[in-house]
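The values are calculated or read from the model by the stated rules, or taken from the named source; none is laboratory data. Everything numeric in this text was worked out from a predicted model, so none of it was measured. Using ideal geometry, Cβ is built from the backbone for each residue, glycine included, and neighbour counts are taken over all protein chains shown.
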Protein chains: 2
Amino acid sequence: MKQADVVVIGGSAAGIPAAITARRHYPEKSVLLIRKEKQVLIPCGIPYIFGTVGTPEKNLIPDGVLQNNGIELVVDEATDLLPAEKQVVLASGESVAYDKLILATGSSPVELPIPGFSKKNVYTIKKDVQYLQSLLEALKDVKNLVILGCGFIGIEFADECKKNRDLNVTIVETLDQCLQIVFGGGACKCCQEIEDYLKQKGIDIATGSKIVEILGDEAIKAVKLSNGEEIPADALIVGVGVTPNVDLAAKAGLALTKGGIVVDTTMRTSDPNIFACGDCATKFSFFTGKSSTLKLASIATTEARIAGANLYEISRKNPGVLGVFSTALGDLTVAIAGMSEKGAQQCGFDVVTAEAEAINRHPAGMPGASKMWVKLIFNKVNGELLGGAVRGGPSAGELINTISACIQNRMRADDLAVFQIGTHPAVTASPIAYQLVNVAEMALKNMKN
Amino acid sequence: MKQADVVVIGGSAAGIPAAITARRHYPEKSVLLIRKEKQVLIPCGIPYIFGTVGTPEKNLIPDGVLQNNGIELVVDEATDLLPAEKQVVLASGESVAYDKLILATGSSPVELPIPGFSKKNVYTIKKDVQYLQSLLEALKDVKNLVILGCGFIGIEFADECKKNRDLNVTIVETLDQCLQIVFGGGACKCCQEIEDYLKQKGIDIATGSKIVEILGDEAIKAVKLSNGEEIPADALIVGVGVTPNVDLAAKAGLALTKGGIVVDTTMRTSDPNIFACGDCATKFSFFTGKSSTLKLASIATTEARIAGANLYEISRKNPGVLGVFSTALGDLTVAIAGMSEKGAQQCGFDVVTAEAEAINRHPAGMPGASKMWVKLIFNKVNGELLGGAVRGGPSAGELINTISACIQNRMRADDLAVFQIGTHPAVTASPIAYQLVNVAEMALKNMKN
């Protein structure tokens, strides 16, 4: 029987940093990682396989990251977990004994109860090289592609599948707008500009629509919407919702909820020797302390760094998920950290917002100049920053992390207004026009009104 | 006699935001801004006039920013200040009465005591459209250009002047490396890569050298270095050092030091009705509380927002200057926030550092992929972040502001290691490889050693 001090089950955005963190914090402990996949996909890179990147093989997390950190890799499926014996049973029949265990088993796409869901050419987004390869192959013969879900995955798949292919793409979405859940929709310019981009690329968007039936014989031929309309479809890609992988935890009798494996703020499960992190573990909101359904690779890595550090000595606490999202379609990057205006209102916060747009260079004639828009959402009661959204060029992807840092430190509008930023003609807005600081000043004024 | 509730003297990176902030915080007060320049240059954009941007006229701060905020503009020179009468005397003979006054009079380049400094074609970097226009004209006939000073201004001028011109450029610098004062030099890869870039562009760098004499008749012909070497020079651009403009404050009898007009942490001078901000005001370090010589447009705007808000009711305190710098030469952006490793050591801090490089996209095949390097400097005693440096693509300009937010909130390495970031294939490193968080983890490990 194999054995290691620390065993991690799962080799993606939670498992890898959990194992690395364990090695960093407990260099004298042996760390072994078990995963069932021969090759591990970069989860957020999956949509880009279908356009920009080209193949699943070009979207892999290299195993070198494990070797370089002295982590033993076992490619096998964990089929049972015996917490009393502190053993993991593998599909090959072998067992692995552990002292501390980290479950990073991730999530799987939900199978929707739509009639016809099992027809050929109906795809979910499985993190599986062969499966995605088969989708890539199937797309060669597709003339009409329907994508269900207008979240990040949906819009990225739509844009990528349309690239270099002569096919019709239609996105079907229950809600009224693209990215509505995250950005809050309504007057949100991010939702609007994403929709404008997609339409300009010739992608049809059917918002406010449900797929009630998948039509066809063996293979899909069309989807039927709730309004009776039928949209021809040679393939359907379903980009809505995932469910935590908890089979192993269930077999071991660990406490579970609908949100996943129950963990405390140290990422420990109901068994003191077993930790869980990433999509398989329960989450709660940084803002409200209430349970959260947010699942992101970046959240998984943060939780993994908490779990890995806490194995033998509790030193880190999970403050709850903030939610920091970004995506880019063409030259347009949109990003959000924390709560949207609508989301904060729905949670009962009395909010004050402000927004500003400025050129991301100075003077405006500098190369790379484009508009960068920032919106901030503050708690009117105590002035604390609850969220921020950014729309602009690629550096929006880092600017949103500045906003995230401000939220995590519970900075108030008054703190942000005198936040010391660095600026440069070739890479940012001018110090006078710098959006983040100006918007905080504008929000302060709005708070007084 | 003109009069306004709030009068601001100076119309650049301090004066404009000071006036806007006064308007925002005291909308019932009238605000009047006095400046002597017909047109105001974007200070950080000045080097780009000589290459990328092309003319001073394309590097101006538009007056619309004043009009849009209901600020009255008077273009005239303030020649005297009578604090007892609360009046500013103008060169035109007119006077302006004020209730509260903000001095944002900026700084001027130092005239160096080098023999021959007054010769024709010896230029300092004056923020003056006509003067810079004359330099632009002069460059047409220059074959050999010498630039004194290898700080940000010096390297930017060198790179820009070399663009589209057939001339030899030599930078002369007393210290051993480019950008040494800010980045600390030594093994700092930022200094090294900037030097490599400049050399690759055919620019000569004479570090460890002083100009002891400027040779020529009426006009400069050459510069003589301390080692006896003579470098032919048809023009010399001096990019070293500025001195605060305090004439007006001196006439008014305000307290002064070598560092400028003495201000307290509310930006108030020795006269309770007069505030000062920007290059003309004294500064102190965020880290040590000791006086600081840092002068940056971004610092000026922050101080202006403190001064403007505090005019009638003290609500903001200056925590001291942090120093956030960035610059870009070609595709290479380097940036630093807070202290360099060497700077922190010189201040007596026991420091722990770590650094990491990762691709700024994931997978590495995504468009725009390039290496992004991050170094962090922590206080070993309490784990607090003292500084960070970044080298990479344009988004380094925003990433450095994330680091600045972390410093200002006195985050420790352990906080940073579980900092919730957002990542996306098209705009950042992967969540597993994200430099800022990884470097914090590595520093934690180094702290234990």
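Before we move on, is residue A:27 buried (at least 22 other Cβ atoms within 10 Å of the Cβ) and at the interface with chain B (Cβ under 9 Å from one of its Cβ atoms)? Criteria not met by residue A:27.
Residue A:79 meets each of the listed conditions (1) outside any loop (DSSP other than H, G, I, E, B); (2) within 11 Å of another protein chain (Cβ to nearest Cβ); (3) of a type in the set (Ser, Thr, Tyr) apart from (2). Consider the range B:429-449 and keep the residues that are more than 10 Å from chain A (Cβ to nearest Cβ) and under 11 Å from residue B:356 (Cα atoms). The one that is farthest from the chain's Cα centre (by Cα) is B:443. Every condition in (1) facing chain A (nearest Cβ under 10 Å); (2) in contact with an Asp or Glu (Cβ under 6 Å, 6 or more places away or on another chain) holds for residue B:251 except the one numbered (1). Just one of (1) within 11 Å of chain B (Cβ to nearest Cβ); (2) in contact with a helix residue (DSSP H, G or I) (Cβ under 9 Å, 6 or more places away or on another chain) fails for residue A:368. It is (2). How many residues are more than 26 Å from residue B:412 (Cα to Cα) and over 25 Å from the mean Cα position of the chain (by Cα) when one looks only at the range B:321-380? Selection size over the range B:321-380: 10. Taking every residue in the range A:159-177 that is closer than 17 Å to residue A:137 by Cβ and pairing it with any residue that is surrounded by fewer than 16 Cβ atoms within 10 Å (Cβ to Cβ), at least 6 positions away or on another chain, the pairs with Cβ-Cβ distances below 6 Å are A:167/A:143. Note on the range A:12-37: among residues that are assigned to a loop (DSSP other than H, G, I, E, B) and within 23 Å of the chain's Cα centre (by Cα), the one that is farthest from residue A:128 (Cα to Cα) is A:14.
The number of residues in the range B:264-317 that are within 13 Å of chain A (Cβ to nearest Cβ) and of a type in the set (Ser, Thr, Tyr) comes to 8.
Just checking, which of B:387, B:422, B:383, B:392 is within 8 Å of chain A (Cβ to nearest Cβ) and not β-branched (Val, Ile, Thr)? Result of the check over B:387, B:422, B:383, B:392: B:422.
Applying the condition of being assigned to a strand (DSSP E or B) and within 28 Å of residue A:287 (Cβ to Cβ) to the range A:371-380 and asking which residue is farthest from the other protein chains (Cβ to nearest Cβ) yields A:379. When residue B:424 is tested against (1) at pLDDT below 95; (2) not in a helix (DSSP H, G or I), only condition (1) is not met. Just one of the listed residues (B:391, B:361) is in the same structural domain as residue B:416 (by TED's automatic domain parsing) and in a strand (DSSP E or B), namely B:391.
Candidates in the range A:378-389 are the residues that are touching a Phe, Trp or Tyr at 6+ places or on another chain (Cβ under 9 Å) and free of Cβ contacts under 8 Å to residues at least 60 places away in the same chain; of these, the one that is farthest from residue A:446 (Cα to Cα) is A:387.
Yes or no: residue A:298 part of a strand (DSSP E or B), on the phi < 0 side of the Ramachandran plot, at pLDDT 95 or above and crowded, with 20+ Cβ neighbours inside 10 Å? So residue A:298 does not fit the description; no. Regarding residue B:49, is this residue surrounded by 24 or more Cβ atoms within 10 Å (Cβ to Cβ) and under 26 Å from residue A:366 (Cβ atoms)? Judged against the criteria, residue B:49 is a match. Please enumerate the residues belonging to the range A:229-271 that are in a loop (DSSP other than H, G, I, E, B), hydroxyl-bearing (Ser, Thr, Tyr) and touching a residue at least 60 places away in the same chain (Cβ under 8 Å). Scanning the range A:229-271 gives a single hit, A:269. Residues that are under 18 Å from residue B:320 (Cβ atoms) and assigned to a helix (DSSP H, G or I) were ranked within the range B:401-421; the one that is farthest from the chain's Cα centre (by Cα) is B:406. Collect the residues in the range A:112-151 that are part of a strand (DSSP E or B) and in contact with a Leu (Cβ under 6 Å, 6 or more places away or on another chain), keeping them in residue-number order. A:122, A:123, A:145, A:146, listed by residue number. Filtered by the rule that a residue be charged (D, E, K, R), assigned to a strand (DSSP E or B) and touching a residue at least 24 places away in the same chain (Cβ under 8 Å), the range A:212-228 gives a lone residue, A:213. Kindly establish whether residue A:279 is among the acidic types (Asp, Glu), under 22 Å from the mean Cα position of the chain (by Cα) and modelled with pLDDT of 95 or more. Answer is yes for this residue.
Of the residues in the range A:185-202, not one is surrounded by fewer than 18 Cβ atoms within 10 Å (Cβ to Cβ), on the phi < 0 side of the Ramachandran plot and in a strand (DSSP E or B). Taking the criterion of being touching a helix residue (DSSP H, G or I) at 6+ places or on another chain (Cβ under 6 Å), assigned to a helix (DSSP H, G or I), farther than 27 Å from residue A:374 by Cβ and not small (Gly, Ala, Ser), would at least one residue in the range A:305-327 satisfy it? Yes: the range A:305-327 contains one or more residues that are touching a helix residue (DSSP H, G or I) at 6+ places or on another chain (Cβ under 6 Å), assigned to a helix (DSSP H, G or I), farther than 27 Å from residue A:374 by Cβ and not small (Gly, Ala, Ser).
Which residue out of B:210, B:201 is more than 20 Å from the chain's Cα centre (by Cα) and more than 20 Å from residue B:227 (Cβ to Cβ)? Checking each option against the conditions leaves just B:201. The listed residues are A:90, A:132, A:148, and the only one of them that is touching a residue at least 12 places away in the same chain (Cβ under 8 Å) and assigned by TED's automatic domain parsing to the domain that holds residue A:26 turns out to be A:90.
Filtering A:334, A:352 for residues that are in contact (Cβ under 8 Å) with a residue 12 or more places away in the chain, β-branched (Val, Ile, Thr), within 11 Å of chain B (Cβ to nearest Cβ) and not in a helix (DSSP H, G or I) leaves a single hit, A:334. Scanning for something basic (Lys, Arg) and not in a helix (DSSP H, G or I), does the range B:49-62 turn up at least one residue? Checked against the condition, which is being basic (Lys, Arg) and not in a helix (DSSP H, G or I), the range B:49-62 yields no hits at all.
Just one of the listed residues (B:226, B:285, B:209) is closer than 30 Å to residue B:172 by Cβ and assigned by TED's automatic domain parsing to the domain that holds residue B:76, namely B:285. Among the residues of the range A:99-118, at least one is loosely packed, with under 14 Cβ neighbours inside 10 Å, modelled with pLDDT of 95 or more and of a type in the set (Gly, Ala, Ser). A residue that is over 15 Å from the mean Cα position of the chain (by Cα), surrounded by fewer than 20 Cβ atoms within 10 Å (Cβ to Cβ) and hydroxyl-bearing (Ser, Thr, Tyr) occurs somewhere in the range A:246-257. Applying the set (1) away from chain B (no Cβ under 13 Å); (2) surrounded by fewer than 22 Cβ atoms within 10 Å (Cβ to Cβ) to residue A:64 leaves exactly one unmet item: (1).
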